[in-house]
Every structure is written in structure tokens, then in C-alpha cells.
Amino acid sequence: MRNKNGFANLYLVLVFAVLYAPILYLMYYSFNSGGTMHKFESFTLDYYREVLGDTRLMIIVINTLVIALLSSAIATLIAIIGALAIQRVRSRRAKNTLLSLNNVLIVSPDVIIGASFLILFTIVGIKLGFTSVLLSHVAFSVPIAVLMILPHLQEMSPTLTDAARDLGASRRDVLTKVVLPIIKPGIFSGFFMALTYSLDDFAVTFFVTGNGYSTLSVEIYSRARQGVSLSINALSTLIFLFTILLVIGYYFLNRRKNRPAGPLSEPAAEMGVPR
């Protein structure tokens, strides 16, 4: 048993080393004054000053965040409607068909999806830029959010909605006071998964981005083609640290939310109930 635990711990350490070693290597050389990633000469913050002082890059970062947040919110709303519609389908064959169609964008190569959107926007006459990027991000985020929400709907007992209707609740009350609170974890999961996919996407965005508008992934790719610059390291380090802060904040919020309430020694007296 000890040998198995030791092997499992060693395997876990190797996995994390493979995952985090390139990131740590990138972060380490972001402080290199030599300008290369081969030999560390001395400590400097010049590349961080360069990144923070680059107005165009800051605008691109804002563009990326706006696209990610807006597309995730729209995709989550559409996914809620889609998941509810799929759940209401009685025919098993029709439901499986809808789920298969929903999964097409997830399993399809990003290059094919990007080229398809480019052809569509060109035919329809939509100018490549903010609108084209937003629509494409909404389109490939919807199936992801549906897959996050649908399991929570399937786990929900239909007797809950039946009981709410028997008690006189309207359809709106059933949706807002029964269904949505139950599937809330799936909604948040779908939103953050869509947000992650939008922030990380390169292939689809590369096809539908027009002149004068860019996102962070496309900008980093364009700069990397011109030659490796340590400003990219500095930018990547800032993004990674920001992500760590979000994860830590989310952890402490969940920990505080799930903290058990203290014992109530005299609940009747505290509530003002006469004994």
C-alpha cells in the first residue's frame, strides 16, 4: 500500500511539473534584462513597464475581456432556453438528435468552424470586427453551456414543478423560484466554461477578426511571429497571476459560504418567542 501511494504521489508531482515548468520558465525570463530566454543576466522590470505603458495592448486586453464577458452572458442565456427545450422533448430519438446537433460545434475542428463563420459573414455582409467576433464566440459557447446546464435539469425531480403548479404557482414563478435556483450551479459552470473558452480561443477568432480589431490571443500570435520578445513573457505572467488571484478568491468565497453556522444555545430566546 505504501509503494502504491508513493508511486501515485510521484506521478502527481511529475504531472504538475510538466504542466507548470514551462509557465515558471516563461515567468522567470520575464525579469531578464538580457532580452533572451537563453541566459539570465540581471533582474529588471522594464518589460512590465513596456506592457503597462502600451496603450494599444491595453485596449486589446479590454476588447478581449468585453468579448469574453458579453459572449458568455449571451451564450448562457441562450443555453438555459435550449436546455429547457431539450429537457421538455418527450421523444428519446428527437432528444438524442438535438444533443448530437448541439455537440457538433464542440467536436468540430476550430479551423473548420472559423472558416465557416468567415464565409457566412462575408456572404451576409457582416463587417469583420467586434460583431463578427462576438457572434462567433456566442455560437461556439452555447453548446458548452448547454452541456453544463442539462445534467442539473435531468437530476431535478419533475414532482417539484408539479407541486409548485398544484400550489397555484404560475409558469413564471415555477421557472424563477423552482427551476432556476436548482440549476444555478450549472448556470454558473456554463458561464465560466464559456468565459474560459472565449478567452483562450485563437483559431476561430483569427478567421473572423478584421483590420483594426484584435484580441489578446491573436495579438500574442502576431507578436510571436515577429520574434520572441520578453514583453510577451511579462504579459503572460500578469495574466497568469491574475488567474491565480481569481482562483484563490473563488476558493475563499466558497469556503466562507460553506462554513457551518455556530450552535444556537437558546434559539427561542434569540427569536423572541415566549417559553
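The values are calculated or read from the model by the stated rules, or taken from the named source; none is laboratory data. Bear in mind the structure is a predicted one, so any value in this text is a computation, not a measurement. Note that each Cβ is placed from the backbone with ideal geometry, even for glycine, and that neighbours are counted across all protein chains shown. In case anyone asks, the SASA skips ligands and DNA or RNA and just uses the protein heavy atoms, side chains included. Shrake-Rupley method; radii C 1.70, N 1.55, O 1.52, S 1.80 Å.
This table checks each residue for (1) closer than 15 Å to Ala75 by Cβ; (2) not β-branched (Val, Ile, Thr).
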{"residue": "Pro181", "(1), (2)": "no, yes"}
{"residue": "Ile187", "(1), (2)": "yes, no"}
{"residue": "Phe192", "(1), (2)": "yes, yes"}
{"residue": "Thr209", "(1), (2)": "no, no"}
{"residue": "Gly212", "(1), (2)": "no, yes"}
{"residue": "Leu216", "(1), (2)": "no, yes"}
{"residue": "Arg223", "(1), (2)": "no, yes"}
{"residue": "Ser229", "(1), (2)": "no, yes"}
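Scan Leu70, Leu14 and give me the residue that is out of contact with any helix residue (DSSP H, G or I) (no Cβ under 7 Å at 6 or more places or on another chain) and either within 28 Å of Val204 (Cα to Cα) or open to solvent by 80 Å² or more (accessible area, probe 1.4 Å) (or both).
Step by step, each of Leu70, Leu14 is checked, and only Leu14 is out of contact with any helix residue (DSSP H, G or I) (no Cβ under 7 Å at 6 or more places or on another chain) and either within 28 Å of Val204 (Cα to Cα) or open to solvent by 80 Å² or more (accessible area, probe 1.4 Å) (or both).
Looking at Gly186, Gly210, can you tell me which residue is more than 17 Å from Leu65 (Cα to Cα), assigned to a helix (DSSP H, G or I), open to solvent by less than 20 Å² (accessible area, probe 1.4 Å) and of a type outside the set (A, V, I, L, M, F, W, C)?
Gly186
Those residues that are in contact (Cβ under 8 Å) with a residue 24 or more places away in the chain and either of a type in the set (Ser, Thr, Tyr) or part of a loop (DSSP other than H, G, I, E, B) (or both), I need them from the range 37-53; list them, please.
Correct list: Met37, Tyr47, Tyr48.
Conditions: (1) open to solvent by 40 Å² or more (accessible area, probe 1.4 Å); (2) more than 15 Å from Val208 (Cβ to Cβ). Ile112 meets all but one. Number of the miss?
(2) is the only condition that Ile112 fails.
For residues that are among the polar types (S, T, N, Q), open to solvent by 50 Å² or more (accessible area, probe 1.4 Å) and at pLDDT 90 or above, tally how many sit in the range 117-169.
2
Return yes when Val204 is touching an Asp or Glu at 6+ places or on another chain (Cβ under 7 Å) and either within 22 Å of Thr76 (Cα to Cα) or open to solvent by 50 Å² or more (accessible area, probe 1.4 Å) (or both) and no when it is not.
Taking the combined requirement at face value, the residue satisfies it.
When you look at Asn96, is it more than 22 Å from the chain's Cα centre (by Cα) and either open to solvent by less than 70 Å² (accessible area, probe 1.4 Å) or free of Cβ contacts under 8 Å to residues at least 12 places away in the same chain (or both), yes or no?
yes
State whether one or more residues within the range 167-186 are of a type in the set (S, T, N, Q) and touching a residue at least 12 places away in the same chain (Cβ under 8 Å).
no
With the checklist (1) more than 26 Å from Ser214 (Cα to Cα); (2) open to solvent by less than 60 Å² (accessible area, probe 1.4 Å) in hand, flag the one item Phe43 doesn't pass.
In the conditions (1) more than 26 Å from Ser214 (Cα to Cα); (2) open to solvent by less than 60 Å² (accessible area, probe 1.4 Å), Phe43 misses (2) alone.
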